[in-house]
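See structure below.
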Amino acid sequence: MSKRYFGTDGIRGLANKAPMTAEVALKVGMAAGTLFKNGGHRHRVVIGKDTRLSGYMIESALTSGFLSVGMDVFLLGPMPTPAVAMLTRSLRADLGVMISASHNHFEDNGIKLFDRDGYKLSDETETAIEGLMDGDAAKLLAPADRIGRATRVESAQERYIEFAKRTLPRNLRLDGLRVVIDCANGAGYKVAPLALWELGAEVIKVGVDPNGLNINRK
């Protein structure tokens, strides 16, 4: 069975054109939030994004969708995709979302979903989400006293940098090295230079002034 919204790497398209609209993002939040509310605990989703202008719109719509079905939202702000997967596990979330179109220019955007272990969803799960998206949205809404809460995770960058450094040998340092890094005005424009600096390198930063329109531009 072919899928209507999801492709090989989540949902992707030209911003403000179907399927990459606020309306679709709202439906994704409601449907995915409903599907992943398993068990009696307070449910939560982690949302990260890159620096595209349309990220604000998609983030707000997704957040509204998740909150409306009773799922709490943890907002990370601009973070690399692996950070979203890691923090989904670390924060014991039920679901993770990355808003990004990877190497594409700012006109495009995408929605990538991760399970609680930080892995891409199966085709079966994506098909189930689409089924809920095309159903009666009113039936998914939580009672007024069960609407979710949104929280910005102020420590997200520090948590991810520490995780990344722990993958290296404990005694590894970059003292005496001059490192030039081009962040392409993308999601890693803060964490990548900071991680290198914490390891002792002299860091020369390029592409660290995103304005919503210059991601991946030469």
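The values are calculated or read from the model by the stated rules, or taken from the named source; none is laboratory data. Computed from a predicted model, the values in this text were never measured in an experiment. Virtual Cβ from ideal backbone geometry, glycine too; neighbours counted across all protein chains shown.
Worth pointing out:
- Unique match (being under 21 Å from His103 (Cβ atoms) and exposed (fewer than 13 other Cβ atoms within 10 Å of the Cβ)) among Val191, Val180, Val208: Val180
- Residues (surrounded by fewer than 24 Cβ atoms within 10 Å (Cβ to Cβ), outside any helix (DSSP H, G or I) and of a type in the set (A, V, I, L, M, F, W, C)) located in the range 37-72: Leu53
- Only one entry in Glu107, Glu130, Glu124 is in the same structural domain as Gly39 (by TED's automatic domain parsing) and without any contact (Cβ under 8 Å) to a residue 12 or more places away in the chain, namely Glu124.
- Residue list for the range 116-164, restricted to those being assigned to a strand (DSSP E or B) and charged (D, E, K, R): Lys120, Arg152
- All told, Val24 falls short of being assigned by TED's automatic domain parsing to the domain that holds Thr125, farther than 23 Å from Asn216 by Cα and in a strand (DSSP E or B).
- Selection count where residues are touching a strand residue (DSSP E or B) at 6+ places or on another chain (Cβ under 6 Å), β-branched (Val, Ile, Thr) and surrounded by fewer than 16 Cβ atoms within 10 Å (Cβ to Cβ), scope the range 112-159: 1
- Within the range 1-18, considering residues that are assigned to a loop (DSSP other than H, G, I, E, B) and in contact with a helix residue (DSSP H, G or I) (Cβ under 9 Å, 6 or more places away or on another chain), the one nearest to Ser90 (Cα to Cα): Phe6
- Against the criterion of being in contact with a Lys or Arg (Cβ under 9 Å, 6 or more places away or on another chain) and in a loop (DSSP other than H, G, I, E, B), Gly176 does not qualify.
- Within the range 74-81, not a single residue is crowded, with 16+ Cβ neighbours inside 10 Å, over 15 Å from the mean Cα position of the chain (by Cα) and not in a strand (DSSP E or B).
- Scope the range 179-204; condition assigned to a loop (DSSP other than H, G, I, E, B) and not aromatic (Phe, Trp, Tyr); matching residues: Cys183, Ala184, Asn185, Gly186, Ala187, Gly188, Lys190, Leu199, Gly200, Ala201
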